[in-house]
């Protein structure tokens with residue numbers, strides 16, 4: 001699940017949980033048909049890869065088709081990609097929920113620092129038009145990159161949904177990210193991570209050091 005965005009969406013669908021509408025393609029020639037019926041803008045996301053690598057945003061069907069005709073679409077190392085609706089995040093923020101032992105550990109809200117950043121359904125990444133998104137604002141680096149980060153407690157319902165996702169994915173230690181659509185207030189899960197990139201300066205942000213709890217967990221598991 002961690003290595004395949006398509007499998008992530010399949011898992012969320014099986015669980016009946018909301019995610020941005022998307023279609024899977026295996027060839028650039030399929031992109032126009034895949035995007036038909038989706039709400040623009042859309043993002044094209046290689047199936048395999050993280051930190052926003054290769055993700056591009058397209059404002060119109062014409063822009064997307066032009067990129068396909070110019071052979072300018074990156075489908076990634078497995079020649080598989082998602083065409084997915086771009087979700088404008090309410091208050092330009094996302095929430096990352098970390099789990100340990102499959103149970104809720106903490107959550108953080110990450111806000112963009114200005115107009116040079118946008119939130120996309122892949123990661124918190126810098127983007128201009130159809131340019132490739134970059135790692136610069138991933139959750140673990142957010143405080144170092146002058147992004148506003150704060151501890152946050154999701155509702156019990158969301159916590160239960162996150163735990164359900166991680167248990168179904170057989171992930172003991174990792175994170176789930178979601179956002180609220182600025183247009184209609186709907187919640188969308190958009191990323192499942194099998195690595196806990198604990199937020200920098202965690203004691204200040206969430207009130208404790210998650211690495212201490214991780215070590216305690218690993219010691220218990222080793223017994």
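The values are calculated or read from the model by the stated rules, or taken from the named source; none is laboratory data. All of these numbers come straight from a predicted model, not from anything done at the bench. Every residue, glycine among them, receives a Cβ derived from its backbone with ideal geometry; neighbour counts consider all protein chains shown.
Here's the yes/no breakdown for (1) touching a strand residue (DSSP E or B) at 6+ places or on another chain (Cβ under 7 Å); (2) modelled with pLDDT of 95 or more; (3) more than 20 Å from residue 84 (Cβ to Cβ); (4) surrounded by 21 or more Cβ atoms within 10 Å (Cβ to Cβ):
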{"site": "165", "(1), (2), (3), (4)": "yes, yes, no, yes"}
{"site": "168", "(1), (2), (3), (4)": "no, yes, yes, no"}
{"site": "178", "(1), (2), (3), (4)": "yes, yes, no, yes"}
{"site": "184", "(1), (2), (3), (4)": "no, no, no, no"}
{"site": "189", "(1), (2), (3), (4)": "yes, yes, no, yes"}
{"site": "192", "(1), (2), (3), (4)": "yes, no, no, yes"}
{"site": "195", "(1), (2), (3), (4)": "yes, no, yes, no"}
{"site": "200", "(1), (2), (3), (4)": "no, no, yes, no"}
{"site": "203", "(1), (2), (3), (4)": "no, no, yes, no"}
Any idea how many residues of region 171-210 are within 19 Å of residue 19 (Cβ to Cβ) and over 18 Å from the mean Cα position of the chain (by Cα)?
2
So which residues in region 32-42 are surrounded by 16 or more Cβ atoms within 10 Å (Cβ to Cβ) and in contact with a strand residue (DSSP E or B) (Cβ under 6 Å, 6 or more places away or on another chain)?
34, 35, 38, 41, 42
All positions within region 50-71 that are part of a loop (DSSP other than H, G, I, E, B) and without any contact (Cβ under 8 Å) to a residue 24 or more places away in the chain
60, 70
Test of understanding: among 72, 68, which residue is modelled with pLDDT under 85 and either surrounded by fewer than 21 Cβ atoms within 10 Å (Cβ to Cβ) or over 14 Å from the mean Cα position of the chain (by Cα) (or both)?
72
Would it be correct to say that residue 213 is surrounded by 12 or more Cβ atoms within 10 Å (Cβ to Cβ), modelled with pLDDT of 90 or more and over 19 Å from the mean Cα position of the chain (by Cα)?
yes
Read through the list (1) at pLDDT below 55; (2) more than 16 Å from the chain's Cα centre (by Cα), then give the number of the only condition that residue 121 fails.
(2)
Residue by residue through region 43-65, note down the ones that are more than 20 Å from residue 192 (Cα to Cα) and either surrounded by 22 or more Cβ atoms within 10 Å (Cβ to Cβ) or modelled with pLDDT under 90 (or both).
57, 58, 64, 65
